[in-house]
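Derivation of every value follows stated rules applied to the coordinates shown; laboratory data play no part. All of these numbers come straight from a predicted model, not from anything done at the bench. Note that each Cβ is placed from the backbone with ideal geometry, even for glycine, and that neighbours are counted across all protein chains shown.
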Amino acid sequence: MNKELLRKYLDNRCSESELGEVLRWLNTDAINEEIKTWILEDWNSWQEPVGLGEDEEFTVLFDKIQERIGSNNRNNMTKEGKALTLPVVVTWLTRVAAILLLPVLTFLFYTLSEKNNLSNKYSKLVVDSLEVIAPLGSRTVVQLSDGSEVHLNYGSKIKYPQFFSGGTREVALTGEGFFKVAHNPEKPFVVKAGNLNIKAVGTIFNVLAYPGDDAIETTLVEGKVVLEQNSQIGKDKTIGTMVPGQHVAYSLLNGNFSSTKGRVEKYFSWINGKLIFEDTPILQVTERLSRMFNVDFQVKDEIKDYTYTVTLEDESLSQILDLMTIATPVVRKALPRKKLPDGTYSKLKIILEKRK
């Protein structure tokens, strides 16, 4: 008996002479009733050898069976054998057939595994690819899968997963965002802004983190947030815990923190289309107006110490500039837009200087 003949027998492809050989084998080597137990034991205890190919795997088990048959026959030459019942033969042959199908099963398992790996790979790509941008001159609102809501100010963007997984709900902010976080004490909500983490459970707060700014600012309206310095090489460093009505500015120049408490509406009034300035330097005012109206400002040195206290709501850029010229001795000059090589036009540029 050999592997090729047994395979042909199981596939019902034996010739008459080959079938006779199989039957002779069944009537001699395979008829001993006492081998029933060890056949089942060998099958149940057999472990797949590591690193063996298809032919080697079959040979290891088949040779083991043949060796055991030979040994058993030699030890029982004088004993009367009993016929192995058909169900036992069929059961054993069925298991042998399973061995022959190992390559097919292995291929199927590999295919399914690869499919799952690809699914996981692309699902991760999807998770990392969601990004919403509020262009200059526009605001937008983002609804997250956990029920949290994020308002994005002019020229801001947020990157977030389609569905949150793991122990935290992490998003990355560039620009300014107002967060209404859905309560979930088991999974903290973390806003990554530069090298600062703002961690909350169920909280309302504002984060200001535009590229090029000297500071990252956080304003807490309700609840509690924990501020952490994001470390690239070790554990994040906890800075402190904020309380409602607190505004914290983290300097990107020296790493220092400054904190104030009191009326904080001015830091997030933008979500309602309002701008509140309280003794605000002109450079900060023009920076806000630049994002809001998508224009460039040039402020002359002689007026950089001017400050403004005013609340603006639904005013046009022209109206706001008129108010500035009334409140302080400044004049404005608008430069014409220039046509760019791609057919678009440059942003409007406004120069502010001292009235002579």
Jot down the per residue volume, in cubic angstrom and as a whole number, of the convex hull over the alpha-carbon atoms of the stretch 266-322.
79
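Rounded to the nearest whole Å³, what is the per residue volume of the convex hull around the Cα atoms of the stretch 130-265?
Dividing the Cα hull volume of the stretch 130-265 by its residues yields 110 Å³.
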Output needed for the stretch 273-356: three equivalent-ellipsoid semi-axes, defined as square roots of 5 times the C-alpha gyration tensor eigenvalues, in descending order, whole Å.
23, 16, 11
Among residues other than V331 whose Cβ falls under 9 Å from its Cβ, what is the net charge (Lys/Arg +1, Asp/Glu -1)?
+4
Counting other Cβ atoms within 10 Å, which trypsin sites (Lys or Arg not before Pro) in the stretch 220-321 have at most 10 and lie in a DSSP loop?
K235
My understanding is that a pair violates if its Cα-Cα distance is over 28 Å; which of K237/K304; K300/K338; K224/K274; K157/K354 do that in this structure?
K237/K304; K157/K354
log10 I(q)/I(0) for the stretch 243-284, Debye formula on C-alpha points only (no solvent), q = 0.20, 0.29 Å⁻¹, two decimals, reads -0.81, -1.08
